[in-house]
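Single-structure report; data block below.
Just so it is clear, none of the values below were taken in a lab; they were calculated from the coordinates. Nothing here was measured: the structure is a model prediction, and the numbers come from that model. Cβ atoms come from the backbone with ideal geometry, glycine included; neighbour counts cover every protein chain shown.
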Amino acid sequence: MKKDSQQIAKATLAGILAIGATLAAGSAFAVPDQPKSWEKCAGVAKTGMNDCGSLDGKHACAGQAKSDNSAQEWVYVPEGTCTKITGGKVAAVKPAK
């Protein structure tokens, strides 16, 4: 009987450690809080990957950028990050919904 009790105790301990490791790993990949504000970051959009219309008014829809990194095409990024991207220029800031 004593041997069975030891095996149960070891299995329980292993289960507890596995659950703890899973929870610790899950928190490492947690989604960050949604930004309070977004900014239009011009000059960093890839071809066909822009958000909404161009700054110069040549088109009014998303996904119509004709070239990479055009100064007239933009994407929304969390406020404060645009200037950290090479070639990024802040075009406007808006609050998040």
If you take the residues in segment 79-97 that are outside any strand (DSSP E or B) and either basic (Lys, Arg) or touching a helix residue (DSSP H, G or I) at 6+ places or on another chain (Cβ under 8 Å) (or both), which one is surrounded by the fewest Cβ atoms within 10 Å (Cβ to Cβ)? Lys97
I need a count of the residues in segment 39-78 that are among the charged types (D, E, K, R), over 15 Å from Ala92 (Cβ atoms) and loosely packed, with under 14 Cβ neighbours inside 10 Å. 3
Could you check segment 54-97 and list, in sequence order, the residues that are of a type in the set (Gly, Ala, Ser) and under 24 Å from Gln34 (Cβ atoms)? Ala62, Gly63, Gly80, Gly88, Ala91, Ala92, Ala96
